[in-house]
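Peer 1: Just dropping this structure here.
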Amino acid sequence: MGSNLSLAYLMLSAILFVIGGVGVLIRRNPLVMIMCVELMLNAVNLSFVTFGKMLDDISGQIIVFFVMVVAAAEVVVGLALIVAMARRRPGATADDLRTLRG
Amino acid sequence: MVELVWLIPALPLAGFLLLVFFGKRIGEPRAGWIGTGAVALSFVTACVVFAGLWNEPEHTFEASLFKWIPAGNFNVDIGILLDPLSMAMVLFITGIASLIHLYSIGYMHGDSRFPRFFTYLNLFVFSMLVLVLGDNLVLTFLGWEGVGACSYFLIAFWFEKEENASAGKKAFITNRVGDWGFMVAIFMTFFAFGTVTYTEFLPMAPGLAQTTATFIALMLFVGAIGKSAQIPLFIWLPDAMAGPTPVSALIHAATMVTAGVYLLVRVNPIIAASASWIPWMIAIVGIATAFLAATIALAQQDIKKVLAYSTVSQLGYMFLAVGVGGYSAAIFHMITHAFFKALLFLGAGSVIHGMHEEQDMRRMGALRRIMPVTAVTFIIGWLAIAGVPPFSGFWSKDDILAYALHKSPILYVIGLITALLTAFYMSRLVFRVFYGDSRWGESAEGELANLNAHTATDAADAGAEDHADAHEDSHADTHAGHGAVHPHESKWPMLVPLIVLAFFAATAGVLNLPFTENLEFLNRWLEPVVGENQVHLHLGGAQLTFELLLSTTIALLGIFAAYMVYLKKKIDPSRIELPFFANGWYIDQGITAFMGGIGRKGFELIAMFDKVVIDGAVNGVGRATRGGASRLRAIENGYVRWYALMIGVGAVLIVAFVMTQVSF
Amino acid sequence: MIASVLSSVLASEGAPSFPILPALVFVPLVGAILIALMPSSRPELSRQMAVLTALLTGILSIALLVKFKTDDAGFQFVVQQTWVESLDIKFFLGVDGISLFLVVLTGILFPIALFAAKPEHSPKGYYAWLTLLMAGCMGAFLSLDLFLFFLMFEITLVPLYMLIGKWGHGRRVYAATKFFLYTMLGSAFMLVSIVTLAVLAGAGDKGGVSFDFTKIIATDNLATSTGRWLFLGMAIAFAVKVPSFPFHTWLPDAHTEAPTAGSIDLAGILLKLGTYGFLRYGLELFPEATVWFAPVMLTLATIGVVYGGIVAAMQRNLKRLVAYSSVAHMGFALMGLFALNVEGIEGSVLQMINHGITTGALFILLGFLYSRRHTYEISQLKGIAKVAPVFAGVFTLVMLASIGVPGLNGFVGEFLVLLGTFVANRWWAVIAATGVIIAALYLLWAYQRVFQGEPDEANKNFPDLKISEKLVMAPLVVLIIFLGIYPKPVLDRIAPSVKRVVTRLEVQVDGFKEPITRKGADLLKIESSHLNTGEHALGVATNGKGANQ
């Protein structure tokens, strides 16, 4: 794999990360925010794989597996919270959950 | 026999302990007899010890009971130093105290706190004996404070009246100012000598640097003027007359107030080693106090106030004696003064008692017929203090004046003027109380009414007598309460002390007659203590005769003047009893106004400073923390996206920072 | 449980190995836990338990006093048990002449405080906290491990916070919070110092950490500036605790609102943690910094003496007045320490003990007063001496002791402190000695307003002391008189340890000599050369520098 191609992968990863980040910051629907977080995680995964390939190191791919497992666990907890919230207060957005403000 | 010396203070202490725990159960009058007995036994012991002391080398005996405060290089014992000086003090203290205890049994009869009175008196005698017998400065200080505390208790003995309580407090606090000086003197003594025991540091005193000796002497002097009521700390003594009269006689005339003089005589080698202005200062403060207090005494209407200022004045003479190097003369006058002033106070007490607690001379007069014993003994006391030969006061006062003349003629002249004033105001007192017209019966209503129109201290009253007749009818009814006074002579427990004291007031002069050296018993007795620093006078016959004649003339002149003014009424008394004198040159008012005004304002300001600035700063920090926090908490707004953004910003900043630090 | 402890104490007569110091800490600690476990429906049980615990600890402390070896300057009855090995934290207890009497004071004052006052509500918690407070105080005085000391020092805050906050009067929550935050803030600085010291001490041997007091004191590898900074950290904590001017304002608030027992223990014992801390963890750990800071500390102490007295004079509330008098009295204690000579430091330790006794007694008397009249306001009280002569008599005695009248205990400590300070630094002592005038001023003035005069309607039926109250006061009155007339037994036990401290200062600090009187040097010469030799003149000007070269 040439370095140009790697660069393209990294750029894609960066673009995906930024899209995810902006999504987390500007959307209020919790479900969409979770999806954006997933997008960010996967963007990072992509860069891990790319760097692993570039450096010829298997660790990058191992970490990706870790991240995927953790992300799955996170989605489970996150979705459970969202469902619980939706049951109690239908139509609530993330901004409505600010009782812990200072 | 001298080994019994510890019994001298122990007996009054035992009496005190007995009375403090069982006083109430023992009750009147047995509590009084126990108190009197304890002190009388102490006097007997003192006589026995005195006999034994003759056999001791240099008439000095030391005994140490136990170590009191051992710390590092500092070490003081509870120890006794019995030398000619302390022996002389012990003898007259216990002797006079016994008589005054006896007197008090009669005087305090019927008081609800009768046993308590003797408890305090015994504690006082114990403290006074510790003061004079202590073999080091700290132990003297123990006695010094002990007598101060007893004086406080006894002045405020009838504490239900606010004035009495205030007077006690004033006495204690004014004394404390002096005590501050005393304490600093002890520190300096320890610093210079490494010891505060008299027999150890006094012999070293001549080798002391002058500045150090001056500092110690100055500070001890501050202590002494507090206790002995000299300018400017004399203001407590007149107020101290609020206490029962036996207390005034014992504490505020005969014994405690002379402690300052005792202290200065005790440390005479330090004074000798200090700068020459120290003796001058002592002499000048002494003579100034003597003169000032004598002028004030001229215009007082309260019989006890006259005697109080007279005490201040006589103490001034003693300071003068110390200042001019006549240490033995100071002790001589202290002893004779103890006799005649105790006598005068007890006599005044007898009058007050007989007049049903009346102290104002304007309501007395012609009492000599009703109280013959009191009158005769009082007159002896009067002649003694006025300086009429051959009564004791004449010899001791003349002794002091001889030393003063040796130092400076100016001191001598002021001393003579003061002697004239003394003779005058004491004669005034005697004439107004025992002679003239009685002003306590129905006939005196007019003056009494007039009295009420003025304050007691207002000397304008002095002129009231002249207008008495004019007011007689119009105000007759306002004083029904006072009208029915029937004076009576006191009972024997009060009269016996008077007679004994009168005997000594008349004859105590033989202790130290100036004619030949053989007759100067007291001088020779005190020689081991003060001899080295004492000025040795050898008066020729002509000079001695001249001085004695001059003194006699002055005394008689004073008495004659008073006779003209108060019995013959040739001169209006208001021309002498100036308001300026009656108000004590406004010194007390001045100090009180200062302390109550600026002093109090200052205290309040500092208390305010504490509340506003210091505590304000603490609470301010608390408030600032809260205020800052409430502003900062706006950041924690609860929006997840805000937190996420901050995480992002933070991450970017950290990365940026790392990039600036690391070079690739 | 109690029986077994009691029997082992009795057995200790024969067996010298009885761990008396751990017992002093654990008896009240276990007692506190047991009280906490008791049912709140049976309040009398918790009271009995607290009394039993306190008395037992008191007896143990007296036993300690009896068995203490007078001439030994070092630590006695030492107990060492590893706690956290990797950090070299130990359960390390020991007692020397300095801490001995503070331990005994704790042992005496706590039972008295228990007998002197009862809580107005929720007795169970009250007794549990009070007993825990006792354990903390004992632990703090006995610790020889800096971590343990810090722990105990901080533990004492919690019970007192609860006692003031829950059983206090008026603005109790404000006072409790202020007290807690203020002292806690000070302690934060101390923690930094302790940890730094532990790291520096451990760095010597194996790159580890050590909180062991004896090890730290032996390490002696502090750079001058490090030592000064660390001393400063410690000093802030202790100055707040003493409390020294200008860190004192929590004290009047805490005292005014605290319940009687809280006031007694706060004034009697907790304040001594400050001065004790200065001595043990200031003078001993940082000799150089101590000498360097001495003028500052002396100045603060002198200001405290005079200022505390002046502010006390202006108070309208008796408890606030006594609280400010504590500022003045503890100023003396602080002053003596930084005189840096045996007289001053011995006087200071004695002053701590004496202040504990007299101020403790004053607060007990004020507690009696409060239980009768439900006020501390001076203006509400009048003429009590007439209706309650015994109460007034005891108050007078305690007051005179507090004023520092010789023959009573307060004098000896104050006098030695001033004497030592005078030798070291003349003018501070001369100024601070005016404190004795001011003390007379504020106490006598208050006495006059409260006790003298004709009692008014509200005070006409003021009951005199009951037998039980007399019994509570009796031991303190005896101590006040005994220590005034015969303080030698106490001074003899303090002296060796104080000499150890001063000697260490001389060894550790270049050019520092204990400020002592001129006797040793000049006067002997004068004696031998028959006086009158000008060159060893004992002039005022020749030795003005004193302690801090």
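Peer 1: Scan the helices (runs of 4 or more DSSP H) fully inside the stretch B:211-323 and keep the ones with 2 or more residues being small (G, A, S).
Peer 2: Hits in the stretch B:211-323: B:245-249, B:259-266, B:268-273, B:277-298, B:303-323.
Peer 1: Continuing with the same structure: What do you reckon, is B:A634 free of Cβ contacts under 8 Å to residues at least 40 places away in the same chain, among the aliphatic types (A, V, I, L, M), farther than 30 Å from C:D253 by Cα and within 13 Å of another protein chain (Cβ to nearest Cβ)?
Peer 2: Yes.
Peer 1: Let me ask you something else. Take the conditions touching a residue at least 24 places away in the same chain (Cβ under 8 Å) and surrounded by fewer than 24 Cβ atoms within 10 Å (Cβ to Cβ) and apply them to B:M256. Does it pass?
Peer 2: It is false that B:M256 is touching a residue at least 24 places away in the same chain (Cβ under 8 Å) and surrounded by fewer than 24 Cβ atoms within 10 Å (Cβ to Cβ).
Peer 1: Are any residues in the stretch B:379-406 within 22 Å of the chain's Cα centre (by Cα) and without any contact (Cβ under 8 Å) to a residue 60 or more places away in the chain, and if so, which ones?
Peer 2: B:W382
Peer 1: Could I ask something else about it? Which residue, of C:L471, C:L483, C:L479, is more than 9 Å from chain B (Cβ to nearest Cβ), surrounded by 24 or more Cβ atoms within 10 Å (Cβ to Cβ), out of contact with any Phe, Trp or Tyr (no Cβ under 6 Å at 6 or more places or on another chain) and not in a loop (DSSP other than H, G, I, E, B)?
Peer 2: C:L483
Peer 1: If a residue has to be within 60 Å of the chain's Cα centre (by Cα) and of a type outside the set (V, I, T) to count, how many in the stretch B:613-658 make the cut?
Peer 2: The total comes to 10.
Peer 1: Go through the stretch C:153-170 and give me each residue that's among the hydrophobic types (A, V, I, L, M, F, W, C) and either at pLDDT 95 or above or buried (at least 22 other Cβ atoms within 10 Å of the Cβ) (or both).
Peer 2: Across the stretch C:153-170, the qualifying residues are C:F153, C:L160, C:L163, C:I164, C:W167.
Peer 1: In addition: Name the single residue, out of those in the stretch B:165-182 being farther than 30 Å from C:W427 by Cβ and surrounded by 24 or more Cβ atoms within 10 Å (Cβ to Cβ), that is farthest from the other protein chains (Cβ to nearest Cβ).
Peer 2: Checked the stretch B:165-182; the qualifying residue farthest from the other protein chains (Cβ to nearest Cβ) is B:G168.
Peer 1: With the structure loaded, tell me whether C:M184 is crowded, with 24+ Cβ neighbours inside 10 Å and part of a helix (DSSP H, G or I) or whether it fails that test.
Peer 2: no
Peer 1: Could you say whether any residue in the stretch B:261-272 is more than 14 Å from chain C (Cβ to nearest Cβ), in contact with a Ser or Thr (Cβ under 7 Å, 6 or more places away or on another chain) and either among the β-branched types (V, I, T) or under 30 Å from C:V450 (Cα atoms) (or both)?
Peer 2: Yes; the residues of the stretch B:261-272 include at least one that is more than 14 Å from chain C (Cβ to nearest Cβ), in contact with a Ser or Thr (Cβ under 7 Å, 6 or more places away or on another chain) and either among the β-branched types (V, I, T) or under 30 Å from C:V450 (Cα atoms) (or both).
Peer 1: Please indicate, with yes or no, whether at least one residue in the stretch B:606-626 is modelled with pLDDT under 85 and either closer than 30 Å to B:D239 by Cβ or within 13 Å of another protein chain (Cβ to nearest Cβ) (or both).
Peer 2: no
Peer 1: Being more than 26 Å from C:V478 (Cβ to Cβ) and in contact with a helix residue (DSSP H, G or I) (Cβ under 9 Å, 6 or more places away or on another chain) is true for just one of C:T359, C:T375. Which residue is that?
Peer 2: The unique qualifying residue is C:T375.
Peer 1: Oh, and also: If the Cβ limit is 6 Å and pairs must be 6+ apart or interchain, which residue in the stretch A:5-26 that is closer than 24 Å to A:K53 by Cβ pairs with which residue that is surrounded by fewer than 15 Cβ atoms within 10 Å (Cβ to Cβ) and of a type in the set (D, E)?
Peer 2: none
Peer 1: In the stretch B:640-662, what residues are modelled with pLDDT under 85 and within 9 Å of another protein chain (Cβ to nearest Cβ)?
Peer 2: Passing the criteria: B:V640, B:R641.
So that you can scan it fast, the table gives a plain yes or no per residue for (1) within 19 Å of B:M256 (Cα to Cα); (2) free of Cβ contacts under 8 Å to residues at least 12 places away in the same chain; (3) in contact with a Phe, Trp or Tyr (Cβ under 6 Å, 6 or more places away or on another chain); (4) more than 7 Å from chain C (Cβ to nearest Cβ):
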position	(1), (2), (3), (4)
B:I186	no, no, no, yes
B:G194	no, no, no, no
B:Y198	no, no, no, yes
B:P203	no, no, no, yes
B:I216	no, no, no, yes
B:F221	yes, no, no, yes
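Peer 1: Among residues belonging to the stretch C:209-248 that are of a type in the set (V, I, T) and surrounded by fewer than 22 Cβ atoms within 10 Å (Cβ to Cβ), point out the one that is modelled with the lowest pLDDT.
Peer 2: Taking the candidates together, the pick is C:T219.
Peer 1: Please work out if C:L200 is part of a helix (DSSP H, G or I), on the phi < 0 side of the Ramachandran plot, touching a residue at least 60 places away in the same chain (Cβ under 8 Å) and not β-branched (V, I, T).
Peer 2: no
Peer 1: While we're looking at this one, here's another question. For the stretch B:580-663, give me every one of the helices (runs of 4 or more DSSP H) that falls completely inside it and has 3 or more residues that are more than 21 Å from B:V177 (Cβ to Cβ).
Peer 2: Because the criterion is at least 3 residues that are more than 21 Å from B:V177 (Cβ to Cβ), the helices (runs of 4 or more DSSP H) in the stretch B:580-663 that meet it are B:600-609, B:615-632, B:640-661.
Peer 1: Scan B:V306, B:V247 and give me the residue that is under 15 Å from B:A342 (Cβ atoms), of a type in the set (A, V, I, L, M) and touching a helix residue (DSSP H, G or I) at 6+ places or on another chain (Cβ under 7 Å).
Peer 2: None of the others qualify; the one that does is B:V247.
Peer 1: Quick check on this structure: which one of C:S41, C:S8, C:S17 is closer than 16 Å to C:V79 by Cβ, hydroxyl-bearing (S, T, Y), at pLDDT below 90 and not in a helix (DSSP H, G or I)?
Peer 2: C:S17
Peer 1: Still on this structure, please answer the following. With B:N164, B:N122, B:N175 as the choices, which residue is more than 27 Å from C:I438 (Cα to Cα), assigned to a helix (DSSP H, G or I) and either modelled with pLDDT of 95 or more or touching a helix residue (DSSP H, G or I) at 6+ places or on another chain (Cβ under 6 Å) (or both)?
Peer 2: B:N122
Peer 1: Just a yes or no: is a residue in the stretch A:57-80 within 14 Å of chain B (Cβ to nearest Cβ) and either in a helix (DSSP H, G or I) or surrounded by 15 or more Cβ atoms within 10 Å (Cβ to Cβ) (or both)?
Peer 2: Yes, the conditions are met somewhere in the stretch A:57-80.
Peer 1: Considering each residue of the stretch C:395-410, count those that are buried (at least 24 other Cβ atoms within 10 Å of the Cβ), in contact (Cβ under 8 Å) with a residue 40 or more places away in the chain and assigned to a helix (DSSP H, G or I), and give that number.
Peer 2: Matching residues across the stretch C:395-410 total 8.
Peer 1: If I ask for residues that are of a type in the set (K, R) and closer than 23 Å to C:W167 by Cβ, which ones from the stretch C:67-122 would you list?
Peer 2: Within the stretch C:67-122, just C:K118 meets the criteria.
Peer 1: If I filter the stretch C:334-349 down to residues being facing chain B (nearest Cβ under 8 Å), assigned to a helix (DSSP H, G or I) and not small (G, A, S), which single residue comes out as farthest from C:L416 (Cα to Cα)?
Peer 2: Filtering first and then ranking leaves C:V342.
Peer 1: Here are the criteria: (1) under 27 Å from C:A235 (Cβ atoms); (2) assigned to a helix (DSSP H, G or I). Tell me which single one C:L87 does not satisfy.
Peer 2: (2)
Peer 1: If I filter the stretch C:382-391 for residues that are within 11 Å of chain B (Cβ to nearest Cβ), among the β-branched types (V, I, T) and part of a loop (DSSP other than H, G, I, E, B), do I get at least one hit?
Peer 2: no
Peer 1: Out of the stretch B:149-160, which residues are in contact (Cβ under 8 Å) with a residue 40 or more places away in the chain and facing chain C (nearest Cβ under 8 Å)?
Peer 2: B:A156
The values are calculated or read from the model by the stated rules, or taken from the named source; none is laboratory data. Note that the structure is predicted; figures quoted are calculated from it, not measured. With ideal geometry, Cβ positions are generated from the backbone for all residues, glycine too; neighbour counts draw on all protein chains shown.
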